[in-house]
Amino acid sequence: MIAYLEAKRAGLFKKPHWANNILAGIIVGIVALPLAMAFAIASGAKPEQGLYTAIVAGGISSLLGGSRLQISGPTGAFIVILAGITAEYGIAGLQMATLMAGFILLIMGLVRFGAVIKYIPAPVIVGFTSGIAIIIWVGQWKDFFGLNPALGATHFHEKVWNLILSFPNLHFETTLLALLTLLLVIYSPKVFKRIPSPLIAMVVVTAIQASFNFKGVATIGSAFGGIPQSLPAFEFLPIRFSQVLQLIGPAFTIALLGAIESLLSAVVADSMTNTKHDSNQELIGQGVANIFSPLFGGFASTGAIARTATNIRNGATGPLAGIIHTITLIIIVLVFAPLAAHIPLCALSAILFVVAYNMSEIHRFSNMVRTAPKADVVVLIITFLLTILTDLVLAVNIGVMLAALLFMKRMSEAVSIKQQTVEELIKETGNAHLALPNNVAIFSIEGPFFFGATERLMSALEAITTHTDTLLLRMENVPVIDATGIQALGDLIEKYQRNHTRLILCQVRPNILEKIERAGIMQKLGGKNIIDDINMMHLS
């Protein structure tokens, strides 16, 4: 409960902070209302399950998370994954996968895995986020235009083609209501600056549909029978070992994406408020939230960047706003649930159109394509296309793998080995008496001595002629060495010992010295052939 305890120590629960946090919590709760229902429907769940998720996960993560301003709940990033899980395993499978993902996130936080998640490269994150946005946008065409596409398509391009073929039969009234919702979401903030635009759009369009009852316009009532005017009861999920084995992959996918999104959201909150979150505690908080969410009828949740930003912009300073956000949603469910039956599905689809546009980060994507190195652009495009055409897991795995290979290539190119002359050494050390006889060669290695650079280093040393009596390797600029580097160093020692050439290691860092000692290199080389300073050796 780091965020809660820090906020309490900072006095953020005292009366002077009540007004701002209560107002921010109410506003972000209202913002969460249409989004939670829209994300639930798009994920294959019932609209009330999205509200239950926002209530349970939002409250728990505010108390137990590592960011005092984080707002959690259903998010657009999850739609693609959750919809696929629901389609294959049903809502019960989705809830079990969520429960498993919660335990995975909890373990990730306990073993301090939070820092590792931050190392996923920007091209991979932007690529899969933009890809998800495209899938969400296309996935909402059906309800936005009132289409009835042919069923059975499994691949993205097949679904798009079926939707295009059904456009001649779009529903006119549904499309008009959707366009009105879209316009209100985009332009109402210019007039009503303090009222969330999705709420304005949803209320206006719902009132129109309730008044005129347009035939053929799908609503929450016609599709789901409305929303229960009650809160869900706690209920244990039935656990079957065979189902757990089937859901290991989906659970890890939910956990990975949830960790990425939550930590990204926490970073955004830090940048807006000059605070610092605890990434490991945030994973723990999200883990507990995802454990309890399905036990109360919900599904997977994560930190929501847009809602967190809304929370901060409206004056939130601590977890109290997140708690008020939860209370606001509870009151809405208990008091206003019957009115939700009139909400048109096309209105929620229009809201998701805007969510998809914001998720796409089109300006960041295009800027990266224009300005990033070509290799990074390739990673970006491949991750983007794989997300759309295959699935998110494959896209992230391949994207990270390509980025890692690219990083290793760049690191190997940054490693250098150069021979130094006596004049260079005298100038560097300030020792005018330093001599470099003809039978001594001095080389300086700069950069990590790892598997990606070993071949280049060894090739450079091959140029040393057999009549060289002594080879001095300066290693002060070698920060790390891996198993391949240690093995290459051992092979080098054996080679020069066979040629009766003395090998001396100079200025070896303590961390590397420890590794080569543990590997037996020091015994093979001899302690007298490892020196701390080049001035300690008389080269004559």
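The values are calculated or read from the model by the stated rules, or taken from the named source; none is laboratory data. In this text the structure is predicted, and so the values were computed from the model without any measurement. Counting neighbours? That spans all protein chains shown, and the Cβs are built from the backbone with ideal geometry, glycine included. Please note that ligands, DNA and RNA were not included when accessible areas were found on the heavy atoms of the full protein model with its side chains. Shrake-Rupley method; radii C 1.70, N 1.55, O 1.52, S 1.80 Å.
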Would you confirm, using the coordinates I've provided, whether Leu165 is free of Cβ contacts under 8 Å to residues at least 40 places away in the same chain, more than 16 Å from Cys346 (Cα to Cα) and not in a helix (DSSP H, G or I)? no
Could you list, in sequence order, the residues of the range 31-46 that are surrounded by 24 or more Cβ atoms within 10 Å (Cβ to Cβ) and not aliphatic (A, V, I, L, M)? Pro34, Phe39, Ser43
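Just checking, which of Gln229, Gln246 is within 30 Å of Pro338 (Cα to Cα) and in contact (Cβ under 8 Å) with a residue 40 or more places away in the chain? Walk me through how you get there before you give the answer.
On the way: Gln246 fails: within 30 Å of Pro338 (Cα to Cα).
Answer to the selection: Gln229.
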Pairs only if they're at least six apart or on different chains, beta carbon under 7 angstrom, first in the range 270-294 and in contact (Cβ under 8 Å) with a residue 24 or more places away in the chain and among the aromatic types (Phe, Trp, Tyr), second in a helix (DSSP H, G or I) and surrounded by 20 or more Cβ atoms within 10 Å (Cβ to Cβ); list them, first residue then second. Phe292/Val56; Phe292/Ile60
If the requirement is being modelled with pLDDT under 95 and either open to solvent by 20 Å² or more (accessible area, probe 1.4 Å) or under 24 Å from the mean Cα position of the chain (by Cα) (or both), which of these qualifies: Ile71, Ile2, Ile55? Ile2
Candidates Ala54, Ala40 - the one that is in contact with a strand residue (DSSP E or B) (Cβ under 7 Å, 6 or more places away or on another chain) and within 26 Å of Glu361 (Cα to Cα): Ala54
Complete set of residues in the range 382-406 that are within 13 Å of Val124 (Cα to Cα), surrounded by fewer than 16 Cβ atoms within 10 Å (Cβ to Cβ) and touching a residue at least 40 places away in the same chain (Cβ under 8 Å): Leu385
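Could you look through the range 486-527, keep only residues that are basic (Lys, Arg) and within 15 Å of Arg474 (Cα to Cα), and pick out the one that is surrounded by the fewest Cβ atoms within 10 Å (Cβ to Cβ)?
Residue satisfying both the conditions and the ranking: Arg509.
Sort through Thr129, Thr175 and tell me the only one that's of a type in the set (Val, Ile, Thr), touching a Phe, Trp or Tyr at 6+ places or on another chain (Cβ under 6 Å) and touching a residue at least 12 places away in the same chain (Cβ under 8 Å).
Details: Thr129 fails: touching a Phe, Trp or Tyr at 6+ places or on another chain (Cβ under 6 Å).
The match here is Thr175.
How many residues does the range 97-136 hold that are in a helix (DSSP H, G or I), under 30 Å from Pro238 (Cβ atoms) and open to solvent by 50 Å² or more (accessible area, probe 1.4 Å)? Before you say what the answer is, go through the steps one by one.
Just the residues of the range 97-136 that are in a helix (DSSP H, G or I), to begin with: 97-110, 114-117, 122-136.
Cutting the leftovers down to under 30 Å from Pro238 (Cβ atoms) gives us 97-110.
Then drop every residue that is not open to solvent by 50 Å² or more (accessible area, probe 1.4 Å), which leaves 103, 107, 110.
Looking only at that region, the number is 3.
If I filter the range 398-418 down to residues being closer than 24 Å to Leu386 by Cα and of a type in the set (Val, Ile, Thr), which single residue comes out as modelled with the highest pLDDT?
Looking only at the range 398-418, we keep the residues that are closer than 24 Å to Leu386 by Cα, and these are 398-409.
Now restrict to residues that are of a type in the set (Val, Ile, Thr): 398, 400.
Working: Ile398: 94, Val400: 90.
Applying the filter and picking the extreme gives Ile398.
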How about the range 459-495: which of its residues are in a helix (DSSP H, G or I), at pLDDT below 85 and touching a strand residue (DSSP E or B) at 6+ places or on another chain (Cβ under 8 Å)? Ala460, Leu461
Number of positions in the range 192-214 that are assigned to a loop (DSSP other than H, G, I, E, B), surrounded by fewer than 19 Cβ atoms within 10 Å (Cβ to Cβ) and within 35 Å of the chain's Cα centre (by Cα): 4
Give, as residue ranges, the helices (runs of 4 or more DSSP H) completely inside the range 215-311 that count at least 3 residues that are open to solvent by 60 Å² or more (accessible area, probe 1.4 Å). 241-246, 248-273
Just give me the residues in the range 297-315 being closer than 21 Å to Ile81 by Cβ and either of a type outside the set (Lys, Arg) or over 20 Å from the mean Cα position of the chain (by Cα) (or both), in sequence order. Gly297, Gly298, Phe299, Ala300, Ser301, Thr302, Gly303, Ala304, Ile305, Ala306, Thr308
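What tally of residues in the range 137-162 results from selecting those that are buried (at least 18 other Cβ atoms within 10 Å of the Cβ) and either among the acidic types (Asp, Glu) or part of a helix (DSSP H, G or I) (or both)?
Step one: of the range 137-162, the residues buried (at least 18 other Cβ atoms within 10 Å of the Cβ) are 137, 139-147, 149, 156, 159.
Adding the requirement that they be either among the acidic types (Asp, Glu) or part of a helix (DSSP H, G or I) (or both) leaves 137, 139, 141-145, 156, 159.
Summing the residues that are buried (at least 18 other Cβ atoms within 10 Å of the Cβ) and either among the acidic types (Asp, Glu) or part of a helix (DSSP H, G or I) (or both) in the range 137-162 gives 9.
Do we find that Arg370 is among the basic types (Lys, Arg), touching a residue at least 24 places away in the same chain (Cβ under 8 Å) and surrounded by fewer than 23 Cβ atoms within 10 Å (Cβ to Cβ) in this structure? Give the steps one after another, and end with the answer.
On the way: among the basic types (Lys, Arg): yes; touching a residue at least 24 places away in the same chain (Cβ under 8 Å): no; surrounded by fewer than 23 Cβ atoms within 10 Å (Cβ to Cβ): yes.
So Arg370 fails the test.
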Odd one out for Gly318, checked against (1) touching a Lys or Arg at 6+ places or on another chain (Cβ under 7 Å); (2) in a helix (DSSP H, G or I): (2)
Among Leu82, Leu5, which is assigned to a helix (DSSP H, G or I), among the hydrophobic types (A, V, I, L, M, F, W, C) and closer than 16 Å to Pro319 by Cβ? Leu5
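Looking at the range 318-343 only, could you name the residues that are open to solvent by less than 50 Å² (accessible area, probe 1.4 Å) and not small (Gly, Ala, Ser)?
Taking the range 318-343 as the starting set, the residues that turn out to be open to solvent by less than 50 Å² (accessible area, probe 1.4 Å) are 318-326, 328-330, 332-333, 337, 340-341, 343.
The answer is Pro319, Leu320, Ile323, Ile324, His325, Thr326, Thr328, Leu329, Ile330, Ile332, Val333, Ile343.
Taking the condition within 19 Å of Ala306 (Cβ to Cβ), open to solvent by less than 20 Å² (accessible area, probe 1.4 Å) and modelled with pLDDT of 95 or more, does Ser62 pass?
On the way: within 19 Å of Ala306 (Cβ to Cβ): yes; open to solvent by less than 20 Å² (accessible area, probe 1.4 Å): yes; modelled with pLDDT of 95 or more: no.
Criteria not met by Ser62.
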Of Leu94, Leu69, which residue is touching a residue at least 12 places away in the same chain (Cβ under 8 Å) and outside any helix (DSSP H, G or I)? Leu69
